[in-house]
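Data block below; observations after.
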Amino acid sequence: MSEENWIEVGATDSIEEEDLIRFDHQDKTFCVYKLTDGFYATDGICTHEAVHLEDGLVMDDEIECPMHQGIFNIKSGEALSPPACEDLKTYPVKVDNDKIFIKID
Amino acid sequence: MKNNIVILGGGQAGIYAAREIRQNDSKSNIKILGEENLLPYERPPLSKDFLLDKKKEEDLYFHSSDVLKNENIEFENISINKVDFENKKLFAKNDNVYSYDSLLISTGSENKKLSLDNNLKNDIYYLRNLEEAKKIKEIVSNKNKITIIGGGFIGLEIASSLSQLQKKVIVIEIGNQLMGRIIPKQIADLVQNTHIEHGNEIILNKQIEKITKKNGDYEILLNDNSLIETDFIIAGIGSTPTVKLFENTNLKLDNGIVTNQFCETSIKDVFAAGDVSNFYHPFYERNMRLESYQHAQNHGICAGKNIAGVKTEYTSIPWMWSDQFNLNLQLTGICDEYDEIIERGNDINNGVIYFFLKNNKIRGACGVGIIGKVGRDIRITSKLTEKDTIVDKQILSDQNLKLNKLIQK
């Protein structure tokens, strides 16, 4: 992967701990999370039905969809609870100079 | 010890129970007996994405046959017509006999039917299973003016889907509000407005006197003498637990199969879960019967644990949803035991939630909003309810204050 695939999301203090922000880039939507041990990123739309996860609830390492309570592990993307059964795609995240970057392939 | 475990009913509660049993017990035989010749599938999309062609049949199955095979769970399509609890046997219509050491009854619920003249029995459609959904989908493609009898979840979800298919839809409801069995009127009225804005006609407080067939179409006479002409009728007027098989047995029935908090029935080694069970909820200290996706799944899992010998109380706070047009409605807990109501928000675009409190503690909440807008708060409310603590009403009522402030305390 080349260096230019790292996309700037925003400042590290733009996300509260155990929370997320939505980040749109080109025609895609992502969610960027601040957990107790760092920042993580996933696709921004639930794999079950087309709803934005930005309105979901972050608990520990999990994001719960606001529509039907499908639950995903934020770090691995694994679908943990029905109705979601397809995993959520995850993306590498790095922090540089108090700014968050995600690597989009 | 190797047991024969039979699960009567091939729906969501049954499949989740089976898999949970297997997680805790690698040896026993597990057999699901299902009346439909289909592996367990999700029913919520039938009235929505399946009718709208956004989901196909193959998208609906909980698990593939490979999953069942890998976990050594047998599924058999068979109809049982007699139960002998004393000798622990089930008898099928084709003379097959099934012996069990433990039995889980997860037969679900069935649609109430309108009482009509015999010549109309095949003219009114109901929606509960995939076959019925397929039929309705095929027939409505040639119909234009469709009447839904019953303004509950299923009727309104179908009304929303048919409206999106450009049909003229009329909903007739006998009560003075939509979804009156469990949804507070304040929320029901917001949903009603959305239906009307999309062109659906909602008729409340009216009873059907007579339905007459006329040149392939129908005339519905209401009790105020008004007449509705329509070319297709679907009814969704509630459900009853599927318990006919047990009516002349010792199994204790009362609005379903009476179970305790461990999914145990009045008969030893016989358990019940899902829609069919009228279970004791230790948090609310009363019995209740629920018909929802979350309950079918969690209650099935709980029954599975208990059958496998892992004694587990069922304490899940009820939760359910309905999707209509661009709205997502959610309910948690129970909303009929309260001494105070608190409103959060007043604009459906940002979500509106009503909390139902008793002695300053949340017992339940119901909210509706554009998809995504109430889910997080309703989920937090479930947790707050479960915690059974006195809540800060200022935070509940102010949409600018995050509800998770309450949960972190």
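Structural remarks
- Straight-line cross-link partners of residue A:99 among the lysines, defined as a Cα under 16 Å from its Cα and at least 8 positions apart when in the same chain: A:34.
- Cysteines in chain A lacking a second Cys C-beta under 4.7 Å: A:31, A:85
- Computed magnitude of the charge dipole of region B:243-317 (debye, nearest 20; Cβ of K, R +1, Cβ of D, E -1): 100 debye
- For the protein assembly as shown: accessible area per residue (Å², 1.4 Å): 45 Å²
- Label sites at residue B:131 and residue B:23, each approximated as a point 7 angstrom past Cα along Cα to Cβ, lie 3.3 nm apart.
- Each helix, a run of at least 4 DSSP H residues, gives -39500 (n - 2.57); summed and divided by the residues of chain B, these come to -6500 deg cm²/dmol at 222 nm.
- Computed with a 1.4 Å probe on the full set of protein chains, the accessible area for residue B:224 sits at about 80 Å².
- Cross-link partners for residue B:168 among the aspartates and glutamates, with Cα-Cα distance under 20 Å and sequence neighbours closer than 8 places in the same chain left out: B:49, B:53, B:123, B:138, B:157, B:197, B:201, B:217, B:219, B:229, B:231, B:323.
- Efficiency of FRET between residue B:77 and residue B:250 - r from beta-carbon atoms, R0 30 angstrom, step 0.05: 0.60
- Here chain B carries DSSP beta bridges of which approximately 60% are antiparallel, counting only pairs with both residues inside.
- The magnitude of the dipole of the protein assembly as shown, with charges of +1 and -1 set on the Cβ of Lys/Arg and Asp/Glu and taken from the Cα centre, is near 1520 debye.
- Leading residue at positive end of dipole, region B:113-235 (Cβ point charges), from B:225, B:130, B:171: B:130
- Gaussian network model of chain B, springs between alpha carbon atoms under 10 Å - residue of B:377, B:117, B:49 with greatest fluctuation: B:117
- Global geometry of chain A, whether rounded, prolate or oblate, following the gyration tensor of its Cα atoms and the 1.5 cut on a/c: prolate
- In this structure, the amide hydrogen of residue B:277, modeled 1.01 Å from its nitrogen in the peptide plane, lies closer than 5 angstrom to those of B:257, counting only residues at least 5 positions away or on a different chain.
- Taking all protein chains as they are arranged and a probe of 1.4 Å, the heavy atoms of residue A:96 leave approximately 80 Å² accessible to solvent.
- Beta bridges per DSSP, both residues in the protein assembly as shown: antiparallel share near 70 percent.
- Exceeding the 32 Å Cα-Cα cut-off - candidates B:54/B:405; A:75/B:55; B:56/B:361: B:54/B:405; B:56/B:361
- Set of lysines with alpha-carbon distance to residue B:88 below 19 Å, sequence-local pairs under 8 removed: B:2, B:31, B:244, B:252, B:268
- The 1.4 Å probe gives accessible areas that order B:279, A:39, largest first, as A:39, B:279.
- Remark: accessible area buried at the A-B interface is about 1700 Å², both chains counted, probe radius 1.4 Å.
- Residue among B:292, B:65, B:102 with the largest mean-square fluctuation in a Gaussian network model of chain B, springs linking Cα atoms under 10 Å: B:65
- Largest to smallest accessible area among B:239, B:26 [probe 1.4 Å]: B:26, B:239
- Exposure of residue B:321 as accessible area (Å², to 10), given a probe of 1.4 Å and all protein chains: 30 Å²
- Ranking by accessible area, most exposed first, for A:30, B:62 with a 1.4 Å probe: B:62, A:30
The values are calculated or read from the model by the stated rules, or taken from the named source; none is laboratory data. If you're wondering where the values come from, they're calculated on a predicted model, not measured in any experiment. Every residue, glycine among them, receives a Cβ derived from its backbone with ideal geometry; neighbour counts consider all protein chains shown. Keep in mind that these areas ignore ligands, DNA and RNA; they rest on the heavy atoms of the full protein, side chains included. Shrake-Rupley method; radii C 1.70, N 1.55, O 1.52, S 1.80 Å.
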